[in-house]
1. Look through region 221-236, keep the residues that are within 13 Å of the ligand (Cβ to nearest atom) and either in a loop (DSSP other than H, G, I, E, B) or touching a Lys or Arg at 6+ places or on another chain (Cβ under 9 Å) (or both), and return whichever of them is nearest to PRO183 (Cα to Cα).
2. Report, by residue number, each residue of region 56-104 that is within 15 Å of SER238 (Cβ to Cβ) and either away from the ligand (no atom under 16 Å from the Cβ) or modelled with pLDDT under 95 (or both).
3. In the list ASP317, ASP325, which residue meets the criterion of being part of a loop (DSSP other than H, G, I, E, B) and of a type in the set (Asp, Glu)?
4. May I ask you to say which residue of SER26, SER119, SER110, SER46 is polar (S, T, N, Q), in contact with a strand residue (DSSP E or B) (Cβ under 9 Å, 6 or more places away or on another chain) and within 16 Å of the ligand (Cβ to nearest atom)?
5. Of these, PRO249, PRO183, which one is under 30 Å from GLN50 (Cα atoms) and open to solvent by 60 Å² or more (accessible area, probe 1.4 Å)?
6. When PHE276 is evaluated against the numbered criteria (1) open to solvent by 60 Å² or more (accessible area, probe 1.4 Å); (2) assigned to a helix (DSSP H, G or I), which criterion, by number, is the only one it fails?
7. Restricting to region 123-164, name every residue that is surrounded by fewer than 19 Cβ atoms within 10 Å (Cβ to Cβ) and within 16 Å of the ligand (Cβ to nearest atom).
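The values are calculated or read from the model by the stated rules, or taken from the named source; none is laboratory data. Just so it is clear, the model here is predicted, and its values are computed rather than measured. Quick reminder, even Gly has a Cβ in these numbers, built from the backbone with ideal geometry, and neighbours come from all protein chains shown. Note: accessible area is taken over every heavy atom of the protein model, side chains too, but ligands, DNA and RNA are not part of it. Shrake-Rupley method; radii C 1.70, N 1.55, O 1.52, S 1.80 Å.
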Amino acid sequence: MTNILNENYRNAKIFFDKAKKDYIYSGKKKYIDLSFASGTAILGHSSTIQTKIFKDFTKKNLSLFAPNKYTLDLLKTLKKFLPDHYTNIIFCNTGTEAVIKSLRISRAISDKKVIANVSGSWHGSVDQLLYMPKKNLLPRQISDGLNKDDKKNLIFIPYNNIIETKQILDKVKKKLACVIIEPIQGSLPNEISFNYLKFLHNYTKKNKIILVFDEMITGVRTGCKSVQEIYKLKPDISTFGKIFGGGMPIGFLALNNKISKKIKKRKLNIHFGGTFTSNPFTMYSSNETLKYIYKNKNKIFKKIEKYSKIFQESINDFCLKNELDIKVYRFQSMLRIIFTKDKINNRFQRDQLEKNKNLKIENFKNFLLQKKIYYPNNGIIFFSNQSSKENLNYLLKNFKIGLKKYFG
Ligand SMILES: Cc1ncc(COP(=O)(O)O)c(C=O)c1O
C-alpha cells in the first residue's frame, strides 16, 4: 500500500466523491459543507454556471499550452476586480507559487535578503516562510527540510502592535527585501487591523521598502474587490488565487508600475514560467466565472455576508448567555470560531488561550461530523451562494448543542 503524506489525507476519516449545492457526499451520506474548498467555491458546488463553463470548454478540445487568447480575455476581466495601480500580472498555478515569486521579485529588485513577515499570517507552503514566531518573535521552523539561511533571513513583526513593529523595522529596514502580510488573517478574521495596515503602508512607502499584500482569501471575497481597495491602500505587489481560478488551481501576482519598470529598466532576469502557467482551461474557467460573479455581485455578496453575520451574531449571543468562553470572529464573509472570549490581538495570543482546549475542540468537531456537518480543517468557515436557509438553521441548532456540551 502506498500512503499519501499530505496533511489533509494523513488524518482523513471520510473520503468524498461528489459535491452539490451546499453538500459534499461520501457515497450515500451527505454533509453540509462549511469549507467550500477553503473558500474558493463561492458559488457553491456544481453550480449551473460552473457546470456549463466546464462543459463549454471541453467542446473547444484545447490542450494548448502556447500563449492563448483566454489569458488576454481574463486580463481584461481582471481590471474589474483589481485596483488600477497594478500594471502587470504574472500567472502561476497556486497561491504558494505566487508568494514564492513575490519574494523572488522583491529580492531581485532590492538586492537585499531579509523578509519581514507579520505574525499570524499564512502564506502557503513557501520554504522561506514556513516558520512561526516564538514569544520573543524569533522564528521557529514548522517543517523539516528547510534551509538554515531562510531562518536567518526572516524576521517577524507583531500583528496589530504598531509600536513594537516600528522598533523592529527601524533596526532592520536597510536589510529588508520586503514586508509581507496577509492583511485580514484567516487565523483571526476581523476588522481591527486597519490602523496597523495603514501604518505598514506608510512606513514602507516612506522607507522605500517593497510591501506585499497576500490577498489569497480576501481577493474577490471582499465584495468583488480586495482589502486594499476598501481600505484605500496601495501595496507594491499583491498575490491572489483561490476564487479567481473559477474552480481550477490558480495563483497570480499583480505588480505596480514602479516594480514593473524596475524589472524592465534593470533588465532583471527573474524566472516566472511553468508548464501549466496560464493554461487555457484555468484561464477560460476563471474568466467566465469572474464575469458571472461580477454580473451577480450584489446578490452573491449580500447573501453570503448575511448568512455569515447571522451565524456570528447568533452563536455569539448564545455563548454570552451561556457564559461559554468562545467568540466568533468575522471579516465580511470570512468566519472563525475562536475558543476564548478574552480580548486577543494576534494569533500567538489565540494559540496560547486555545492550547488547553485541543481535546475539547477535537470532540466538538467529531460531534459536528456525526451531525453530518463538515467543519473546515483550517478552521475558516465560509458560506456560499448555494448555502440554504434551512441548513443555516440546522447548523446553528447543532453548533449550539455541541458548544454547550463540550465547553459548557
Ligand atoms: C493567505 C494565503 N496565502 C497563500 C496561500 C497558499 O495558497 P495555495 O494553497 O493555493 O498554494 C493560502 C492558502 O491557504 C492562503 O490562505
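1. Among those that are within 13 Å of the ligand (Cβ to nearest atom) and either in a loop (DSSP other than H, G, I, E, B) or touching a Lys or Arg at 6+ places or on another chain (Cβ under 9 Å) (or both), it is SER226.
2. The answer is LEU78, LYS79, PHE81, LEU82, PRO83, ASP84, HIS85, TYR86, THR87, ASN88, ILE89.
3. ASP325
4. SER119
5. After applying the criteria, what remains is PRO249.
6. (2)
7. Once the filter is applied, which keeps residues that are surrounded by fewer than 19 Cβ atoms within 10 Å (Cβ to Cβ) and within 16 Å of the ligand (Cβ to nearest atom), region 123-164 yields GLY124, SER125, ASP127, MET132, ILE142, SER143.
This table checks each residue for (1) in a loop (DSSP other than H, G, I, E, B); (2) in contact with a helix residue (DSSP H, G or I) (Cβ under 9 Å, 6 or more places away or on another chain); (3) closer than 18 Å to LEU103 by Cβ.
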position: VAL172; (1), (2), (3): no, no, yes
position: ILE184; (1), (2), (3): yes, yes, no
position: ASN190; (1), (2), (3): yes, no, no
position: TYR196; (1), (2), (3): no, yes, no
position: LYS205; (1), (2), (3): no, no, no
